[in-house]
Each structure stands twice: as structure tokens, then as C-alpha cells.
Amino acid sequence: MYRYDEYDQAIVDARVAEFRDQVARRLNNEISEDAFKPLRLMNGLYLQLHAYMLRVAIPYGTLDSRQMRMLAYIARRYDRGYGHFTTRQNIQYNWIKLAEAPDLLAELATVEMHAFQTSGNCIRNISSDQFAAAAADEIADPRPYAELLRQWSTLHPEFSFLPRKFKIAVTGSNIDRAAIQLHDIGLQLVRGETGEIGLKVLVGGGMGRTPMLAPVIREYLPVADFLSYMQAVLRVYNRHGRRDNIYKARIKILVNDLGAEEFARQVEEEWALVKPLGLDPPASELARIAAHFQPPALAADAPVDIDLSDPAFAKWVAVNTHPHKVPGHAIVTISLKAPGEIPGDASAAQMDLIADLAERYAQDEIRVTHAQNLVLPHVRRADLFALWQALAGAGLATANLDHASDIIACPGLDYCTLANARSIPIAQKLAVMLAPQESDLGELKIKVSGCINGCGHHHAGHIGILGVDRRGDENYQLLLGGSGAEDASLAKILGAGFDENGIVAAVATVVDVYKTLRTGPEERFLDTYRRVGPAPFKEAVYG
Amino acid sequence: MPRLLTGNRLETGDVLWWSGSGWSLHLKDAVDVDADGEALLAQLVPQERISDLALIDADVTPSGWRPRSTRERVRAVGPSVRPDLALPSLPVEAI
Ligand code: SF4
């Protein structure tokens, strides 16, 4: 894991001191709310429906047990005993007091964490593959590149006031667990013709009001040059992005308006000017960062065969573990989606337990996934049973990864001031309804957003649900056919919206139609939908 | 239609309701500000102590005020998915 050096720590400590002063001046009425609000947001502190919400950055979703324990402590000391893991691999606290926020941030800084650039029109927390450095299918660990981006983008003066927020994801695998086609910039590690590692660059994807898949603007970029190229992409966007219209201000609109080819040409032109300026770090700096991400020393002769005679354990192993690149090991996903519970929420006690288990069984590493689950990336197969038992005792052993009850849901109208409708209760009802048959249904990704901003990734759901406002009442649109994976596609609205009970019934109908139309249990919902199209689903739902 | 004045306390973010002489955490204490709403806003906004001040529409029901929008009912009660954190003045079912 990356550890702060003196510069990283000094930046974060200085920011805490600055914010402490700003909060004090606001509380004394020395500055107005209008002046203070942008400063508060730059430190990740939003005013939501019931209280202040703090969004804490978890760079590329990687944590150690010391940091997870701090997150648990903050939940207890400054909040109401829980936190919410988000689709940006961050954590949010819902009940923060403004007067206490500086103390909270000072404590967070002691474990090399902060909350800035989790809001505002800047480069947000860099996201990545939650299986990084563990997946058998990856070319290389993407996190050194994500960390370099983090350092480059931290308080970058040129890119602190972009036309809109800016999200970058990096993956090292052909299997896309980081939704790179749905980011402002998606980066994928690839091998060049002579075998050396470079980056494929996608620009202009995103969800929200105008969802788009990112086109590739460069098939191969040498890693040595990649920061200057990023600088060029951001410069073209900063110069031409639509600052006049908030709904057209994301880079996806610019790329779409210009066309990918013309956008790429402008980037190359800018890059020719930027590259000679010497912005790219020397190889020694990338090597210094990469040294922090050395894979743990795992025994390649660890036993592969384990006792699977307990059916509940065997199911959990089959559903919630993935092959590790080192034989005898597994990647474990801890579901935060027990049916009926709030997707992504974890209590302080659960966080503490996961920290303990990471230390004992997983080389002290924890990851947050964009699907609001947690991952222990390096677990000996021989330890899986003990780990599963410990998780089960805390309600954390639900075997539903990528199944119908593993639903993404944004906070929605239960917390969020921008929401049109509640997301969480819909997710809870669907999870309870579908859990009994989810083994039969196979992979089925349901995603719920409480408004068009799409934090619940509804456009990337096999089944997506979008909360809308209908004359002051909550209403829900049903979308089908989306994917955020390597086979990315955007879900399409099926027809008119529903009330809360109606949307649950409509999903039940859609699932029933799938079961009658699939070629067999191995054909996923998404594949059936792609094969038959929306018509039979529409017919069944709307008659 | 009755109008209520609401906002969030600067220090804590707590949802507040104008009770006629001050602020209450509880919707049941709210008063209809009626035609005085704008004047109250004009007086309170410059004081800079309550954030997101707003006048909202509500109906009178036998059990008290019922804000017209789901959003304001959620604000009055707390997150519907965490009844353990709801304010005692209004049941979650009220949303
Ligand atoms: S999608 Fe909308 S309702 Fe949901 S968290 Fe984002 S802004 Fe809030």
C-alpha cells in the first residue's frame, strides 16, 4: 500500500488547519454561507436533508486495517455508528456536525486520509479494480498509475475549477470491474507490440442525464508519457467544455459534439506542446510509487483443496470468491447487501471486525468496490472457512455477489437533498423478493438511483430503476439492458413509470419473462434481453 | 394553504421548524407563517444562522401538519429506512 511521504502529509495537515479556520470564521459569522459553502464542499462536507454529510476519499478503493478502524471510530465518535460505502469506492457519513468536522478531519489525517476533491468541479477520487494485484486475469497492478494520478491531480491549480466534476478509472485487466467505459477518462493497462506495458485511453463516458459510453481515443500510450497526455486531455476539456450550461458541461458532451477523432486530434496537438515541458515524472518516481504496491509474499504451495461439505459455506465460496493469481489463495468479496438491509451501509462494529479479519487473514488489505461491497484480496483458501464463520457471525456472509439481491442503491430521498425519490426501500423490497430465487436467476445486476444524476448507476444495470418526481410524488422508471462491465451498454427505458409497489411488481414480471425466454440457466438475464429485445418484456409489463 | 418555515441549523445541520418565537426540531411545534413568511425570511436570511431556509406547503390533518412533498416529510421524520433514528414527534409511517 502507498504510504504518505512528508509532502503528502504536509498537504493534508495544512488543509485541515485551513478548514478549521474557515469553519471557525463561519460559526462566528465572519463569513457568509454563500462564501463558505464552496469551501465546505471542497472539503467533502455537504448539507443533506437531515444533517451534514462528509464524503471521505478512499483512493482507488484501497484501505488497510488501521484506516478501516479509523473509519469505524469516526462512525462511533462523530456519527451515529455507521457509514455508507459508495459507488465511487468512498465512504459517506450522514450525521456530521459542522463544528466537529475539523477535529474529525484531523483524526482522519493521522491515518493518511482526507475528504477533499470528493466534491466540486475538480478531478475526483481515482477509482480502480477492486481485485487489483490479486486477479488472475490482470496484466499488472493498476494502482501505481492511479496513485500517480492522485498525486498529480491533488490540488492541481489548473484543474481545480473545471467545467464540471471529472472522474478517472484505471484497470489492469480485460475484465472490466472498474466501469472504465462510463468514466470521463477510462484507462486500461495493455501490452504493446514488444510486450511493454502501456495504457489504452478512453474519454467521454458517463452516466447521469446524458449517458454515454467512452470511445477509445488512443489505443496505446507509453506509461512514461501518460501524465503529460492526461494534462493535454484536461486542457482541451478545460478550454472547450461548456461552462455556459451545467447539463452540457461534462467532457462526454464535448467529445460527442466534436467526434472522438477530432477530440483525439486536438489532444495530440496539445500534447505536442505539453510533452516537451517535462511534466512526466522520471522513471525513478514511478518506480518509487510502484515499490509501495509490491504484491504480498504469498506461499505458492498453499493448499488448493478445501473441505466444502458445509453447503452454506460451499455456496459462499462459489459465489463470493474469485481465483487469485497465486495458487491456494482466493479473493473474497464481503457482501454489504444482506436482503432487507441498506446497500453499502456498515456499522462501526462490522468495520472493526473486517479490519481484524483483514489483518488476520488478508495481508492487511481491504478494498471497496463500486458495487458497494468490500473485498479481502489475498486470503489463503485454507483460511476461508474460519473467515466465513467470523463474517457470518456479523451478518456479513451473504452469498449473493452479482446476484439479484446484490443491488446498488444510492442514498436517494432518505438522505440526499437532490433526490426525487427514495432508492433504498426499493432495493430492500426487491432484494427480499428476489433472494429466494436468485441462485436460479444467476448473474443479475439491479441498480437504483434516486434522481437523474445516476449515482446508483441505473443506466448500467441489467435492470435499472430511476426515481423521478411526479407532481410531488415518488415515481420510478424501469430500464433494461445496461452493463458497466467490458460488454458495456446503456439501459433503455421500457415505458411509463410506476409507484413504489408498481415498480416492484414490474421487476417481478420482468424476471418471470426472462425465466420463460432464456435458452437455459446458463443464459444470463442480460444476454436474453440482448437476444430477444425489449418487446416481450414490454408486452408483459404494460399489456 | 398553510405554509411552514423550515431550515437547517448551521452548527449541526439539524432540521428546524419555525414555532412562532424560535426554532424547534419537531414539526408538531411548527406554526402556519401564512402571509408573514416572506417578511420572516427577509429578517432571518441576513442573520446567517440557519441554512437552506424555505417556506413549504403543508396540510392540516387530525394528527397535525403533513408537508405536501415527500421530501419535506422525510426531512420532518428522518430517513425512512432508519426508524431507529427518526424523531419522536412523527412516526416513520407518516412519510
Ligand atoms: S442519484 Fe441523485 S438521489 Fe441518488 S445520491 Fe445521486 S444525487 Fe442523490
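For the Cα trace of region A:395-455, dividing Rg by the Kirkwood Rh returns an Rg/Rh value of 1.03.
Partner lysines whose Cα lies under 20 Å from the Cα of A:Lys167, excluding those fewer than 8 positions away in the same chain, are identified as A:Lys200, A:Lys248, A:Lys252, A:Lys447.
Quick note on the protein assembly as shown: its Rg to Rh ratio, both from C-alpha atoms and Rh being the Kirkwood radius, is 0.96. In units of the rule-of-thumb radius 2.2 N^0.38 Å, region A:164-319 shows an alpha carbon radius of gyration of 1.34. Taking 17 Å as the straight-line reach from the Cα of A:Lys165, the aspartates and glutamates in range (excluding those fewer than 8 positions away in the same chain) are A:Asp184, A:Asp244. The convex hull around the C-alpha trace of region A:384-543, projected and averaged over every direction, spans 10.3 square nanometres. Modelled label positions at A:Ala10 and A:Glu443, each set 7 Å beyond Cα in the direction of Cβ, lie 4.8 nm from each other.
Net charge dipole, region A:408-542: roughly 240 debye, given to the nearest 20, about the Cα centre with Cβ charges of +1 for Lys and Arg and -1 for Asp and Glu. Taking amide hydrogens as placed 1.01 Å from N in the peptide plane, the amide H of A:Ala409 sits under 5 Å from those of A:Val448, each at least 5 positions away in sequence or on another chain. Please say if region A:167-249 is rounded, prolate or oblate, where rounded means a/c under 1.5 for a ≥ b ≥ c the square roots of the C-alpha gyration tensor eigenvalues, and otherwise the choice is prolate for a/b larger than b/c and oblate otherwise? Here region A:167-249 falls in the oblate category.
The calculated FRET efficiency for A:Asn501 paired with A:Arg242, based on their beta-carbon distance and R0 = 41 Å, is about 0.55. Here the Karplus relation 6.51 cos²θ - 1.76 cosθ + 1.60, evaluated at θ = phi - 60°, turns the backbone of region B:17-32 into coupling constants of 10, 6, 9, x, 10, x, 10, 10, 6, 10, 4, 4, 8, 5, 10, 6 Hz, with x for every Gly and Pro. Longest stretch of chain A clear of exposed loop sites (GluC sites (Glu not before Pro), DSSP loop, at most 10 other Cβ atoms within 10 Å, sites excluded): A:194-521. For A:Ala404, the residues whose amide H sits under 5 Å from its own are A:Leu444, ignoring neighbours fewer than 5 places away on the same chain, with H placed 1.01 Å from N. Considering only alpha-carbon pairs that sit under 8 angstrom and 6 or more positions apart, the relative contact order computed for chain A is 13 percent. Within chain A, A:Cys122, A:Cys416, A:Cys451 have no other Cys Cβ under 4.7 Å of their Cβ and so lack a disulfide-compatible partner by this rule. Under the shape rule built on the C-alpha gyration tensor, where the axes satisfy a ≥ b ≥ c, region A:289-378 is oblate, since a/c reaches at least 1.5 while a/b does not exceed b/c. Under 14 Å from a label point set 7 Å out along the Cα-to-Cβ vector of B:Val60, the amide N atoms of region B:1-25 belong to B:1-4.
Each label was represented as a point 7 Å from its Cα along the Cα-to-Cβ direction; for A:Asp473 and A:Asp310 these points are 4.8 nm apart. Put simply, the amide H of A:Val203, placed in the peptide plane, has neighbours under 5 Å in A:Gly186, A:Ile217, leaving out anything fewer than 5 places away on its chain. Rounded to the nearest Hz, the phi-derived 3J(HN,Hα) couplings of region A:77-85 under the Karplus curve 6.51 cos²θ - 1.76 cosθ + 1.60 (θ = phi - 60°) are 7, 10, 10, 10, x, 8, x, 10, 7, where x marks glycine and proline. Taking a straight line from the alpha carbon of A:Lys492, these aspartates and glutamates sit under 18 Å away, with near neighbours fewer than eight places off in the same chain left out: A:Asp527, A:Glu539. The Cα atoms of region A:351-392 cover 28, 19, 16 Å along the three principal axes, with the biggest extent listed first. Distances between every pair of Cα atoms in region A:6-109, grouped in 5 Å steps from 0 to the bin holding the largest one, split as 2, 12, 22, 26, 20, 12, 5, 1, 0 percent. Each label point was placed 7 Å from the Cα along the Cα-to-Cβ direction; for A:Asn453 and B:Glu38 their separation is 3.1 nm. Free of any trypsin sites (Lys or Arg not before Pro) that DSSP assigns to a loop and that have at most 10 other C-beta atoms within 10 Å, the longest stretch within chain A is A:4-470. Working from the Cα coordinates of region B:3-94, the gyration tensor eigenvalues give, after taking √(5λ), semi-axes of 21, 16, 10 Å in decreasing order.
Normalising the average separation of contacting C-alpha pairs (under 8 angstrom, six or more residues apart) by the number of residues puts the relative contact order of region A:230-336 at 19 percent. Residue separation of A:Leu27 and A:Thr519 scaled by 0.36 nm, minus their Cα-Cα distance, works out to 170.7 nm of gained length. In order along region A:68-73, the Karplus-derived 3J(HN,Hα) couplings, from 6.51 cos²θ - 1.76 cosθ + 1.60 at θ = phi - 60°, round to 5, 5, 5, 4, 5, 4 Hz, and Gly and Pro are given as x.
Coordinate-derived values only; no laboratory data. Since the model is a prediction, treat every value here as computed from it, not as a measurement. Ideal geometry is used to build each Cβ from the backbone, glycine not excepted, and the neighbour counts take in all protein chains shown.
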